[in-house]
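Presented below is the structure to which this report refers.
Read-outs: derived from the displayed coordinates by stated rules, not from any lab. Predicted model, so just to flag it, every value in this text is computed and none were measured. FYI the Cβ positions are ideal-geometry reconstructions off the backbone, even for glycines, and counts take in every protein chain you see.
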Amino acid sequence: MFGLFGFISFGQRTITGTIGGATAYNSTTMINPSAIQVLCTNVAGTSEGSMTLEASVDNTSWETITETAGYFHFWPNDTFTVLTTAVWLAEIKPGSFPYYRVHSTGGSGDTTTVTIKWTKERKWNN
């Protein structure tokens, strides 16, 4: 069974960005993360939109990642709805892709701060 507590992590990093209106937001690239946590905080309007995890081999061409073949686990799901004070979690099995980013698009009248925390080092129990 996979779970966020299936690894020991060290060296948490934090990225902060803002989703504003219908403009797409792409976070700073994360290199070899093992777990990602996203917290949405409403600033203005009503937080809305969606968020996905994207991966790349070359840090140039990006593909949306879904929960496939046991390499990725998402809570509550792999396409996250942006809501006020919502939390989204992703767990990544080692050896998947080297580069990741969070991609999101908000609604037309909202501003939402996105705080992304991720861990890099990992030790798996399974």
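With R₀ fixed at 22 Å, the C-beta to C-beta distance from Thr115 to Glu63 puts the FRET efficiency at about 0.35. Overall, region 13-118 carries a charge dipole of about 300 debye about its Cα centre when +1 sits on the Cβ of Lys and Arg and -1 on the Cβ of Asp and Glu, all other atoms neutral. Taking R0 as 22 Å, what's the FRET efficiency between His103 and Thr41 from their Cβ-Cβ distance, rounded to 0.05? About 0.75, to the nearest 0.05.
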